[in-house]
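**Q** Here it is, the structure in full.
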Amino acid sequence: VIIPDGVTSIGQNAFASCYSLTSVIIPDGVTSIGQYAFASCHALTSVIIPDGVTSIGQYAFSSCSSLTSITIPEGVTSIGSYSFQNCYALTSVTIPDTVTSIGTYIFANCSSLTSITIPEGVTSIYQNAFSGCSSLTSITIHKGITSIGSSVFYGCYGLGFIKFERSTPPTVSSSTAFSNVPTDCIIYVPAGSLSAYTSATNYPNPNTYTYVEY
């Protein structure tokens with residue numbers, strides 16, 4: 001599909017369930033991608049999102065099971081809940097620093113995703129954001145993040161380490177946040193904050209997991 005230059009927005013369900021669609025080029029004039037816009041386009045392997053886009057709606061690329069990578073341009077400030085849920089082939093994602101909000105279940109069940117960088121402007125990681133990302137090997141929780149929702153890392157069986165940059169532990173809303181994280185996953189915390197993290201509510205049990213100051 002080639003979308004003509006005069007288009008400024010891609011609406012709700014615009015290409016949803018176009019099962020044979022393999023690629024799409026979105027023109028520079030588009031500023032928003034609506035919810036479910038490309039949901040369940042199972043054959044879609046590549047998407048080019050132009051720099052003018054500022055928002056990506058809920059479920060926009062949900063269940064695009066052949067999508068392997070995507071670059072979200074500078075200028076996007078919000079990515080809706082479930083946007084990339086069940087994108088099983090997705091191995092890499094680039095999220096720009098302009099993003100301040102990442103919705104719930106955004107990368108849930110992206111089982112091929114190996115790494116991701118959370119932008120500095122994000123302050124909360126919401127419910128199930130990375131649940132089922134079984135190939136995710138590491139993640140850094142930057143110092144600006146103050147809260148972590150339930151089941152965020154549920155089923156992240158491949159995590160080798162989690163690095164926290166904040167001296168004061170972010171609030172974790174539920175004990176399910178780290179459910180099924182392997183016990184050999186190392187928890188890195190800033191120097192001088194070991195006791196704060198090992199005694200914080202809903203964090204991995206220090207009797208089972210290894211905490212290391214850096």
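**Q** If the requirement is being closer than 16 Å to THR140 by Cα and not in a loop (DSSP other than H, G, I, E, B), which of these qualifies: TYR197, TYR203? Quick ask: steps written out before the conclusion?
**A** On the way: TYR203 fails: not in a loop (DSSP other than H, G, I, E, B).
None of the others qualify; the one that does is TYR197.
**Q** What pairs can you find where one residue is in the stretch 43-54 and more than 21 Å from TYR88 (Cβ to Cβ) and among the aromatic types (Phe, Trp, Tyr), the other is modelled with pLDDT of 90 or more and assigned to a loop (DSSP other than H, G, I, E, B), and their Cβ atoms are less than 8 Å apart, with a gap of 6+ or different chains?
**A** From residues that are more than 21 Å from TYR88 (Cβ to Cβ) and among the aromatic types (Phe, Trp, Tyr), there are no pairs.
**Q** When the stretch 183-194 is examined, which residues are found to be open to solvent by less than 30 Å² (accessible area, probe 1.4 Å) and in a loop (DSSP other than H, G, I, E, B)?
**A** First, the residues of the stretch 183-194 that are open to solvent by less than 30 Å² (accessible area, probe 1.4 Å): 185, 187, 189-190, 193.
Passing the criteria: CYS185, PRO190, SER193.
**Q** Here's something else I'd like to know. Could you tell me whether any residue of the stretch 22-30 is part of a strand (DSSP E or B), surrounded by 14 or more Cβ atoms within 10 Å (Cβ to Cβ) and under 18 Å from the mean Cα position of the chain (by Cα)? Give the steps one after another, and end with the answer.
**A** Of the residues in the stretch 22-30, the ones part of a strand (DSSP E or B) are 23-25.
From the residues that got through so far, the ones that are surrounded by 14 or more Cβ atoms within 10 Å (Cβ to Cβ) too are 24.
Now drop any that are not under 18 Å from the mean Cα position of the chain (by Cα), which leaves none.
No, every residue in the stretch 22-30 fails to be part of a strand (DSSP E or B), surrounded by 14 or more Cβ atoms within 10 Å (Cβ to Cβ) and under 18 Å from the mean Cα position of the chain (by Cα).
**Q** Would you check if ASN13 is modelled with pLDDT of 90 or more, of a type outside the set (Gly, Ala, Ser) and within 13 Å of the chain's Cα centre (by Cα)?
**A** No; evaluated as a whole, the condition is false for this residue.
**Q** For a quick check of your reading of the model, give me the residue pairs whose first member lies in the stretch 104-120 and is more than 14 Å from THR71 (Cα to Cα), whose second is of a type in the set (Val, Ile, Thr) and open to solvent by less than 10 Å² (accessible area, probe 1.4 Å), with beta-carbon atoms closer than 9 Å and at least 6 apart or on different chains.
**A** Every condition considered, the pairs that remain are ILE106/ILE79.
**Q** Tell me, yes or no, whether the stretch 158-168 has at least one residue that is open to solvent by 30 Å² or more (accessible area, probe 1.4 Å) and touching a helix residue (DSSP H, G or I) at 6+ places or on another chain (Cβ under 9 Å).
**A** There is at least one residue in the stretch 158-168 that is open to solvent by 30 Å² or more (accessible area, probe 1.4 Å) and touching a helix residue (DSSP H, G or I) at 6+ places or on another chain (Cβ under 9 Å).
**Q** Does any residue in the stretch 191-214 that is more than 16 Å from VAL172 (Cβ to Cβ) come within less than 6 Å, Cβ to Cβ, of a residue that is in a helix (DSSP H, G or I) six or more places away or on a different chain, and which pairs are these?
**A** GLU213/LEU194
**Q** For residues that are open to solvent by less than 20 Å² (accessible area, probe 1.4 Å) and not hydroxyl-bearing (Ser, Thr, Tyr), scanning just the stretch 73-86, find the one that is farthest from GLN35 (Cα to Cα).
**A** Among those residues, the one meeting the criterion is PRO73.
**Q** Continuing with this model, one more query. Which members of the stretch 87-131 meet the condition of being within 18 Å of VAL47 (Cβ to Cβ), among the aromatic types (Phe, Trp, Tyr) and open to solvent by less than 30 Å² (accessible area, probe 1.4 Å)?
**A** Selection gives PHE107 alone.
The values are calculated or read from the model by the stated rules, or taken from the named source; none is laboratory data. Because the structure is predicted, anything quoted here is derived from the model rather than measured. Note that each Cβ is placed from the backbone with ideal geometry, even for glycine, and that neighbours are counted across all protein chains shown. Remember, those area values only see protein heavy atoms, side chains included, never the ligands or the DNA or RNA. Shrake-Rupley method; radii C 1.70, N 1.55, O 1.52, S 1.80 Å.
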